[in-house]
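To start, the structure itself, in structure tokens.
The values are calculated or read from the model by the stated rules, or taken from the named source; none is laboratory data. Since we're looking at a predicted model, the values are computed, not measured. Every residue, glycine among them, receives a Cβ derived from its backbone with ideal geometry; neighbour counts consider all protein chains shown. Heavy atoms of the whole protein, side chains included, go into the accessibility calculation; ligands, DNA and RNA do not. Shrake-Rupley method; radii C 1.70, N 1.55, O 1.52, S 1.80 Å.
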Amino acid sequence: MANVKRRGFLAAMGASFLAGCTKIGQTEAGQAAFDASESWHRIVHRFLGNGRLVKEYDASAISPTFRGNGTIDPDNAAYRAAAAAGFADWRLEVAGLVERPLSLSMDDIRALPQRSQITRHDCVEGWSAIGQWTGPQLSLILDEARLAPEARFIVFRCADNLNGDDYYESCDLDDAYHPQTIVAHQLNEEPLPIKNGAPLRMRIERQLGYKHAKYLTAIEAVASLDDIGKGKGGYWEDRSGYHWYAGI
Amino acid sequence: MTGRKRHAFSTRLWHWINLVCVVILFMSGLNISNAHPYLYWGDYGFRPAEAWLSVPRFPGWATIPDFYSLAQARDWHVLFAWPMALILLFIWVAMLANGHFWQDIRTRRREWQVSEVVRDIKAHLRLDFHHGAGKYNFLQKLTYGLVFGIILPGMVFTGMAMSPGLEPSFTWAIELMGGRQSARSLHFILAWTLFAFFVVHVLLVILSGPVWQLRAMITGRNPKAATPAGEA
Ligand code: HEM
Ligand code: HEM
């Protein structure tokens, strides 16, 4: 009898602990604590990393395939038509707070100095894959467009629409100018497959996979992320509350 | 010992803050596990067919929050990683400084003799918790030592090794663990090792007199001062 009661009591304690946690997490104070923790992680990571590179692997480490996740085949007429034409007319716009807006063709992008890197891709879900990515450093493109002094973030616009919203992402200038941040047009020395973001995708190697925007159409320099999308700096950030700083 | 606190203030502070952190980290961790419940060895891994372990799905009553949300679970997890790691650093400094580690946790060579260990295990099985002059017997020293020295620091290290933002400054540690997916597998194994410790630990506290044990761990009050020696 006493045992049953005690068990009931423990179960009730457990349930109210859980309900309490769930509630606290959704209060403003809870959210403020989560946000603070996110930015402390970023500060510590930047302090310790100090601009250094992530590990680059040997060719033997490349995983036999490279998983595609999220959108793996953008479902819209314009993208379909571009894919059917082999992405020959694809353009990458560089706009926003820049002194010289650009519109780059695939040939322009291939003509820039290239960086090739074999890196590990870590998905927020927990899995990892390794591949070789090739393309110009984002810093070269930003320097050519001449970033205005007010610019603080780089926004990446994409051709895919997921669950009714356009995919986009953003990063700060520290990541934008990191030597391994490239606009990739090749995976394992072949043009990007559609599931991995053809014809262009970002590589932002110090962050989780959802930051590496695929099907890239435009790069926009901005002073604030407040007026972009729902203001949290990315599709998953807006939709599900994922960290904007996804280096954790 | 009579008259002295059974547990130092630093130990009591660490013990209860750590409990809150570890419970939240474990339960939010189980929610994170639901996102991709397959574990791999090596640097990469994403195909369930190549997993060494396919983890069962954890139900809502075992996770924080109590429904599937990778984003919110990660919010809780990376927030409580801070106090857990910092208080661990604190207790190590305090234990080394106040002598608790040297006197009560460190084991001596002679305690490792098989006959001694067997006697200890037998006494435990008889639920006989007398252990002479020392604060903890050999098995307690060993398990507490493993918790302080291996499991909890291991959780922090393997946790840090999974963060891509730490990778540039932590490459050596990831390589030491055999790659990021190995670090993730080790993190998971250590989490369940800690859970096993937790169950046995709480059971032994209940069996050995939960009231004085808890009072001692909260207020520090030394039971030997008040209760018959047999009970302590
Ligand atoms: C400072 C301490 C810790 C850090 C930095 C940390 C970090 C992390 C990270 C980054 C993940 C995500 C792994 C993934 O991508 O799948 C994770 C998962 C997890 N953590 Fe922790 N953690 C810490 C402590 C703990 C503790 C103390 C426990 C349990 C007692 C725990 C239990 C788990 C579990 C069960 C998972 C899910 C494993 C998986 O399937 O990936 N963590 N942790
Ligand atoms: C409801 C949960 C818990 C209760 C009621 C509890 C209770 C206690 C008590 C009464 C002691 C003192 C034992 C003695 O003096 O012989 C103790 C010591 C200890 N507990 Fe717990 N505990 C709990 C959870 C945990 C957890 C989750 C951990 C670690 C992850 C932990 C780690 C330890 C350690 C390492 C000691 C030794 C402390 C020292 O002397 O330095 N406990 N616990």
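Looking at the structure I just gave you, is residue B:29 open to solvent by 10 Å² or more (accessible area, probe 1.4 Å), within 15 Å of ligand 2 (Cβ to nearest atom) and within 12 Å of another protein chain (Cβ to nearest Cβ)?
Working: open to solvent by 10 Å² or more (accessible area, probe 1.4 Å): yes; within 15 Å of ligand 2 (Cβ to nearest atom): yes; within 12 Å of another protein chain (Cβ to nearest Cβ): yes.
In short, yes.
Would you point out the residue of the range B:114-130, among those that are among the acidic types (Asp, Glu) and assigned to a helix (DSSP H, G or I), that is most open to solvent (accessible area, probe 1.4 Å)?
Our first condition is that a residue be among the acidic types (Asp, Glu); within the range B:114-130, this holds for B:116, B:120, B:128.
Those still in the list that are assigned to a helix (DSSP H, G or I) too: B:116, B:120.
Details: B:116: 73, B:120: 29 Å².
Of everything passing the filter in the range B:114-130, B:116 is most open to solvent (accessible area, probe 1.4 Å).
Say we look at the range B:131-151 and pick out the residues that are small (Gly, Ala, Ser) and part of a helix (DSSP H, G or I); which of these is surrounded by the most Cβ atoms within 10 Å (Cβ to Cβ)?
Just the residues of the range B:131-151 that are small (Gly, Ala, Ser), to begin with: B:132-134, B:145, B:149.
Now restrict to residues that are part of a helix (DSSP H, G or I): B:145, B:149.
Values: B:145: 16, B:149: 13.
Ranking the qualifying residues of the range B:131-151, first place goes to B:145.
Considering only the range B:113-124, I want to know if a residue exists there that is more than 14 Å from ligand 1 (Cβ to nearest atom), hydroxyl-bearing (Ser, Thr, Tyr) and touching a residue at least 24 places away in the same chain (Cβ under 8 Å).
no
Scan the range A:3-26 for residues that are facing chain B (nearest Cβ under 10 Å) and either more than 16 Å from residue B:65 (Cα to Cα) or of a type in the set (Asp, Glu) (or both) and jot them down.
Across the range A:3-26, the qualifying residue is only A:11.
Just give me the residues in the range B:152-170 being outside any helix (DSSP H, G or I) and more than 7 Å from ligand 1 (Cβ to nearest atom), in sequence order. Can you show your working first?
If we filter the range B:152-170 for residues that are outside any helix (DSSP H, G or I), which is where we start, we get B:162-166.
Within the range B:152-170, B:164, B:165, B:166 meet the criteria.
What residue, of B:87, B:17, is open to solvent by 30 Å² or more (accessible area, probe 1.4 Å), touching a residue at least 40 places away in the same chain (Cβ under 8 Å), part of a helix (DSSP H, G or I) and touching a helix residue (DSSP H, G or I) at 6+ places or on another chain (Cβ under 6 Å)? Write out each step before concluding.
Working: B:87 fails: open to solvent by 30 Å² or more (accessible area, probe 1.4 Å).
Answer to the selection: B:17.
Of the conditions (1) part of a helix (DSSP H, G or I); (2) open to solvent by 20 Å² or more (accessible area, probe 1.4 Å); (3) within 11 Å of chain A (Cβ to nearest Cβ), residue B:75 fails just one. Which one is it?
(2)
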